[in-house]
1. Taking only pairs six or more apart or across chains, which ones have beta-carbon atoms under 7 Å, a first residue in the range 24-42 that is of a type in the set (Lys, Arg), and a second residue that is modelled with pLDDT under 90 and near the ligand (Cβ under 8 Å from one of its atoms)?
2. When only residues in the range 28-38 that are surrounded by 13 or more Cβ atoms within 10 Å (Cβ to Cβ) and more than 17 Å from the chain's Cα centre (by Cα) count, which is nearest to the ligand (Cβ to nearest atom)?
3. In this structure, does Leu6 turn out to be exposed (fewer than 10 other Cβ atoms within 10 Å of the Cβ), outside any helix (DSSP H, G or I), within 16 Å of the ligand (Cβ to nearest atom) and aliphatic (A, V, I, L, M)?
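The values are calculated or read from the model by the stated rules, or taken from the named source; none is laboratory data. Computed from a prediction, not measured in an experiment: that's the story for all the values here. Neighbour counts run over all protein chains shown; Cβ positions are idealised from the backbone, glycine included.
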Amino acid sequence: MFRLGLIRSKPCTRCGLEVNDLEPECPHCKGFSDLQAVYLKQAYKDDLIQRNKSLAKLFCKLAVLAVIITLVVFFV
Ligand SMILES: [Zn+2]
């Protein structure tokens, strides 16, 4: 049964990804060297930045569409 607050996580000190407190070691960078963990962290950051950029573009398009619809409704 799921109870709120029982599952906690914290960012891994090596790779920065979220790790369940119950895990003895990070499953993302377990077995990696420090350098590989740094590359994993950088790849994760780059992926996040890329996804946020595409999400920002989508919201800009939706905002422009909302303004156009508002103007059309206002003037028609
Ligand atoms: Zn890690």
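1. Lys41/Cys15; Lys41/Gly16
2. Just the residues of the range 28-38 that are surrounded by 13 or more Cβ atoms within 10 Å (Cβ to Cβ), to begin with: 28-30, 32, 36-38.
Subsequent filtering for residues that are more than 17 Å from the chain's Cα centre (by Cα) retains 29-30, 32, 36-38.
Numbers: Cys29: 3, Lys30: 7, Phe32: 8, Gln36: 10, Ala37: 6, Val38: 11 Å.
Residue satisfying both the conditions and the ranking: Cys29.
3. no
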